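Input: a single structure, listed below in structure tokens.
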Amino acid sequence: MSETHISDIASHSGQDITIKGWLYNIRSSGKLMFPEIRDGSGIIQGVVSKKDVDERVWNDFQRLTQESSIIVRGKVREHPKRPGVFELDVADVDIIQIAEPYPITPKEHGIEFLMEHRHLWLRSQRSYAILKVRAEVVRAIHDYLDSNGFVLMETPILTPAACEGTTTLFEVDYFDEKAFLTQSGQLYNEATAAAFGRVYTFGPAFRAEKSKTRRHLTEFWMVEPEIAYMDLDGLMTLSENFLSYIVQRVIEKRAVELESLGRDITKLESVKPPFPRITYDEAAKMLDEGHKKGELENAFEYGSDFGSPDETYVSSQFDRPVMVHRYPAQVKAFYMEPDPEDATKALGVDVLAPEGNGEIIGGGQRMVSHDLLVQRIHEHNLPMDAFEWYVDLRKYGTYPHSGFGMGVERCVRWICGIEHIRETVPFPRMLHSIRP
Ligand code: 4AD
Ligand code: MG
């Protein structure tokens, strides 16, 4: 008798197998019981027939509670009326533990309760589907970049300087100094890109986001490619190819999970290059018209950054992600290259996902000039001593280069079509929420 994972049950039809897992649910009808057993790789329905099993086995199944841990033996059989569906004719069971009354029952629970029990809620089919999609997104990210000449470069988590503004820093004591949890690996990536040409970093990023929204975490995972001698147009081409690859790959490998989440896959099928490219000015005009037509509640103030309703409005005009470029320099980070045709604009791009998801990628062309970079660091009141090495990169073979960051959770939220980002990571970290 071999030990088998439910995910490859089809190749064991007719065989006696052993499954190690948990009781998901059980129904009974007279002399039959139908336990649903899950083992992490899937769920299978068992059939326990009173006349075919020992009395001890029958009694054991009657004692089992939801999420009891069990080792079950039986024969795999294709469902007589549903080809491709397999069941287990149960012969025997070993009980590892009869679980205490499980707090998460098939009835509806409030989200707060579920989040408090996240360590158990992970076992639900919904969490299962979302986190399997996430794992596929992560694999697709690595596969795309690894097979396109990018070299993985880990950048530090403990850093002396802010990359994305000083208002969202998490401070830690670093011996006799202050340090911060990284907001982005970008600055270090700009150094590794000068050494390796095309690089990416992929790790956690931390931001003390002080408002509760459906798309902000305080700890999230970000992938950041950085490319020597690439300009903004090249970066937009990379962004659309990268995102399309990820989405098509998830459709190919995780259609079952997407369907179980009720995701309309046709909306994802259109995610193919080219993506529309519009300037900030064009987007601002769109928002103006939307407001005049009454489709957008608040008027957009030209020169400011887009709010969430603005992003939703702009992105809902398109059936695939839209790339908005050339933002006013004042709303973007200190390191962005100015547009040579209009120095008030920065050569940055945000990729807004459709269906109201908003920004999932932010990036742009980096500043080449040493002197202008120094000036910007002063203008942003950033501590020069922490940036000296970064400025150095502009002294020793400064070079045009571009890169972006994509938040994995934002991407998963969009692909899965779910409301809130908290479900896209096993243990979300948000404002005032750090348990479990
Ligand atoms: O636009 P952001 O702030 O850009 C940067 O950090 C650049 N340094 C990246 C680069 O060019 N290498 O963040 C990039 C992306 C956002 O588009 C979003 O997907 C995600 O990171 N992100 C968050 N995701 C979840 N929670 C948050 N609080 C996030 N903040 C940013
Ligand atoms: Mg951004």
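Quick check: residue separation of residue 270 and residue 117 times 0.36 nm, minus the Cα distance between them. What number comes out in nm? It would help to have the intermediate numbers written out before the result.
Numbers: separation 153, 0.36 × 153 = 55.08 nm, distance 3.68 nm.
That pair, residue 270 and residue 117, stretches by 51.4 nm at full extension.
Rounded, prolate or oblate: which one fits the range 216-374, using the alpha carbon gyration tensor with axes a ≥ b ≥ c (rounded when a/c is under 1.5, else prolate when a/b beats b/c, else oblate)?
On the way: a/c = 2.08, a/b = 1.27, b/c = 1.64.
Verdict is oblate for the range 216-374.
Would you calculate the separation in nanometres between label points at residue 170 and residue 97, each defined as 7 Å from the Cα along the Cα-to-beta-carbon direction?
In this crude spin-label approximation the distance works out to 2.9 nm.
What is the percent carbon and sulfur in the accessible area of the range 1-129, measuring with a 1.4 Å probe over the protein chains and ignoring ligands? Please report the intermediate quantities before stating the final value.
Details: 3600 of 7230 Å².
Within the range 1-129, the accessible surface is 50 percent carbon and sulfur.
Mind putting a number on the dipole of the chain about its Cα centre? Charges go on the C-beta only, +1 for Lys and Arg and -1 for Asp and Glu, and I need it in Debye to the nearest 20.
Values: 50 positive and 67 negative charges, 322 e Å.
About 1540 debye.
On C-alpha positions alone, give me the angle between the axis of helix 125-146 and the longest principal axis of the chain, in degrees, nearest 10.
Relative to the chain, helix 125-146 is tipped by roughly 50 degrees.
Nearest 20 debye, what's the magnitude of the dipole of the range 317-436 about its Cα centre given +1 on Lys and Arg Cβ and -1 on Asp and Glu Cβ? Walk me through the numbers before you get to the answer.
On the way: 13 positive and 16 negative charges, 64 e Å.
With Lys and Arg at +1 and Asp and Glu at -1, about 300 debye.
Which entries of 212/285; 20/132; 20/50; 210/345 have Cα-Cα distances beyond 25 Å here?
Details: 212/285 29 Å; 20/132 20 Å; 20/50 22 Å; 210/345 28 Å.
Among 212/285; 20/132; 20/50; 210/345, the Cα-Cα distance tops 25 Å for 212/285; 210/345.
Quick one: if the Förster radius is 41 Å, what FRET efficiency do residue 372 and residue 427 give, using the C-beta to C-beta distance and rounding to 0.05?
Numbers: r = 42 Å, r/R0 = 1.02.
Using R0 = 41 Å, I get an efficiency of 0.45.
How much FRET efficiency would the formula 1/(1 + (r/R0)^6) give for residue 108 and residue 233, where r is the Cβ-Cβ distance and R0 is 60 Å, rounded to 0.05? Provide the component values of the computation, followed by the final result.
On the way: r = 49 Å, r/R0 = 0.82.
Calculated value: 0.75.
Using a 1.4 angstrom probe, figure out how much accessible area the chain has per residue, in square angstrom, rounded to the nearest whole. Each step should come with its number before you reach the end.
Details: 21000 Å² over 436 residues.
Normalised by residue count, the accessible surface of the chain is 48 Å².
Among the aspartates and glutamates, which have Cα under 18 Å from the Cα of residue 253 when same-chain residues fewer than 8 positions away are ignored?
Once the sequence-local aspartates and glutamates are set aside, what remains near residue 253 is 8, 136, 143, 264, 269.
With +1 on each Lys and Arg Cβ and -1 on each Asp and Glu Cβ, and nothing else charged, work out how big the dipole of the range 2-97 is about its Cα centre, in Debye to the nearest 20. Intermediate results must be reported in sequence, preceding the final value.
Values: 13 positive and 15 negative charges, 78 e Å.
Using Cβ point charges on Lys, Arg, Asp and Glu, the range 2-97 gives about 380 debye.
Is the range 343-390 rounded, prolate or oblate when judged by the Cα gyration tensor, a ≥ b ≥ c being the square roots of its eigenvalues, rounded requiring a/c under 1.5 and prolate requiring a/b larger than b/c? Provide the component values of the computation, followed by the final result.
Details: a/c = 2.99, a/b = 2.29, b/c = 1.30.
Prolate.
How far apart, in nm, are two points set 7 Å out from the Cα along the Cα-to-Cβ line at residue 89 and at residue 253?
3.6 nm
For the chain, what is the calculated [θ] at 222 nm in deg cm²/dmol (nearest 500), taking -39500 (n - 2.57) for each run of four or more DSSP H residues and dividing by its residue count?
Details: 13 runs with 133 residues, N = 436.
Only helices count here, giving -9000 deg cm²/dmol.
For the chain, find the longest principal axis of its Cα atoms and tell me its angle to the long axis of helix 280-292, 0 to 90°, nearest 10.
Long axis of 280-292 versus the principal axis of the chain: about 70 degrees.
What is the gain in length, in nm to one decimal, between residue 419 and residue 78 on full extension, counting 0.36 nm per residue of separation less the C-alpha to C-alpha distance? Working shown, then result.
Working: separation 341, 0.36 × 341 = 122.76 nm, distance 3.71 nm.
Length gained, residue 419 through residue 78: 119.1 nm.
Full extension from residue 210 to residue 43: what is 0.36 nm times the residue separation minus their Cα-Cα distance, to one decimal in nm? The partial results should precede the final answer.
Values: separation 167, 0.36 × 167 = 60.12 nm, distance 3.99 nm.
Contour length minus the Cα-Cα distance gives 56.1 nm.
Quick check on the range 1-154: take the gyration tensor over C-alpha atoms, sort the square-rooted eigenvalues as a ≥ b ≥ c, and tell me if it's rounded (a/c under 1.5), prolate or oblate. All intermediate terms of the calculation are to be shown ahead of the outcome.
Working: a/c = 2.51, a/b = 1.50, b/c = 1.67.
Verdict is oblate for the range 1-154.
Could you check which residue among 426, 383, 80 shows the biggest mean-square fluctuation in a GNM of the chain with a 10 Å Cα cutoff?
80
How far is helix 370-379 tilted off the main Cα axis of the chain, in degrees rounded to 10, range 0 to 90?
Compared with the principal axis, the helix lies near 80 degrees.
The values are calculated or read from the model by the stated rules, or taken from the named source; none is laboratory data. This one's a predicted model, so the numbers in the text were calculated from it and none came from an experiment. Cβ atoms come from the backbone with ideal geometry, glycine included; neighbour counts cover every protein chain shown. Please note that ligands, DNA and RNA were not included when accessible areas were found on the heavy atoms of the full protein model with its side chains. Shrake-Rupley method; radii C 1.70, N 1.55, O 1.52, S 1.80 Å.
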